[in-house]
1. Using Cβ counts within 10 Å as a stand-in for footprinting exposure, how do B:221, B:278, A:94 rank, fewest first?
2. Please work out whether segment A:129-241 counts as rounded, prolate or oblate from its C-alpha gyration tensor, where a ≥ b ≥ c are the square roots of the eigenvalues and a/c under 1.5 means rounded, while otherwise a/b larger than b/c means prolate and anything else oblate?
3. Percent of Cα-Cα pairs more than 23 Å apart in segment B:92-219, please.
4. Treat segment A:2-120 as a sphere of radius equal to its Kirkwood radius over Cα pairs and apply Stokes-Einstein at 4 °C in a medium of 1.567 mPa s; give the translational diffusion coefficient in µm²/s, rounded to a whole number.
5. Scale the Cα Rg of the protein assembly as shown by the rule-of-thumb value 2.2 N^0.38 Å and send over the ratio, two decimals.
6. For the ranges B:89-96, A:194-201, what's the packing order if you count other beta-carbon atoms within 10 Å of each residue, average per peptide, and put the highest first?
7. So for B:274, A:208, fewest C-beta neighbours within 10 Å to most, what's the order?
8. If you fit an axis through the alpha-carbon atoms of helix A:106-128 and take the longest principal axis of the Cα set of chain A, what angle between them do you get, 0 to 90°, nearest 10?
């Protein structure tokens, strides 16, 4: 059967619910957004929080920690469609946890590789995020990334910027990680106005540019190598490239 | 002088120091203000020559009383001189750090007045960072050769990593190119730091050093031998190799027309260094007094394998991890994938491709389903030829390319 769901994590858990409790056999899985024009001949899975919770609790209880976490990491890779692989992963996992390390099964290997790709991106962004200081002394960064790395970035910067407040703004997903004295949370960004920078900001970002240019050894220029390490798509918010 | 000009001069003067890693330090919070270190190290950007920028790498001052012939900051060079005050540099570090430009500070200096005076200035800067700002990020400090034991002790307690460049792999070359330095003075700080941190019996301080490649006639064998002794005896974490860049003119210095082969040599040395540190190779396996230099066209592992064909071919379904990582083209990660996957099935060459392990080189050194490949016989000369021959390129036809039309029969 072809099925369509809303694309959310809860929605996907309801797909799992349908497989086990309604005995639906699934051939293809679509999300609403990718399916709008072909919406004939497909069974729609309604998202239901109670069902989703039930599945999540079962997964939590029955799956080993690393295997369980892989599911959530994969779901943060929101720009690729691997629902079928993930469903197979869950079905195999319920049969026997040891399948989930068997990288000779193509779907399992795909998810292992995707998880690695996800963490490579997380790691890259640990370095490539650039904060600007705002008028009120808070730090503010914009990001645009292939996968949803915001929760990991937030956690990382909470550790290192313990004495500062900061906001990391995911432009495409309209999400923000906000850390203040009182709380730490992810928020949906409804509307947004470009904030004003502090009076020192231009000074230090210019110093950074000066430093960046001075450390390069001209005799060894290799722009292609540089681009391998910092592909153009990451440079949008990196002040040294603007 | 304005901060802009200082930063530009002092970063420019420090750029020939290649070390810029921020990895391997523990993640404990000690000073409790801003900052943290990350075990695997983080690159914050890459320069136009393709090097990772992780640390704010500057000299506190580029004035120097020494006259080492390879060094851009030697006293006899007519260069613009500049100095940061320790407080100025500490502030700059924090401002850069909180904007996530850097992982921390890499601090070195030319020798101002004398060794102890310079070391004290560096320590002052570190103290401001650690105690006033509570900075818990990464700080790499260059130990000044010839400074006192007490100062080195303080430096080691404040820094995440310390280093002292031995610059040249033999006493002979040092005497020729840096007559004011000797093997004893350059190694001195590292030995003191090692002894001090062993006495305190906590985790020893991380240390590194740097050698210049191609400024003297030392062979790769000499260089790798020195490096492995340092790894084993002096507890060094990293040895860096820096292809000589021609910044000065001098009677004892080599004249190098183009730097490409030297860069290639640097690259091969790094590859060999990895083999020493992570792949269980010994320096005298890779090279010996007969074969003193690495091959520029082949990576050191392939080069070793071709000279030791008695170990090959290897059966990937039976070999141990130690054997697997000796197969050319298979790295640590590849070996782990093989070990993981072969628990479930017997692997063949296609399976390796499916696991995204490159078989371009490996296929000549392994058994596929118990058989050795038939295209190239297992002899050094044949394999060398096969490994060095360029892979056939696909024809990229231009639109309306007549020759291509002739080839494919289209009009």
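Every number here is computed from the coordinates shown, using simple stated rules; none is lab data. Note that the structure is a prediction, hence the values are computed from the model and not measured. Note that each Cβ is placed from the backbone with ideal geometry, even for glycine, and that neighbours are counted across all protein chains shown.
1. By the 10 Å Cβ count, ascending, the order reads B:278, A:94, B:221.
2. Verdict is prolate for segment A:129-241.
3. That fraction is 37 percent.
4. In µm²/s, the coefficient rounds to 88.
5. 1.10
6. Order by mean packing, descending: B:89-96, A:194-201.
7. Details: B:274 15, A:208 24.
Ascending number of Cβ neighbours within 10 Å: B:274, A:208.
8. Approximately 20 degrees, to the nearest 10.
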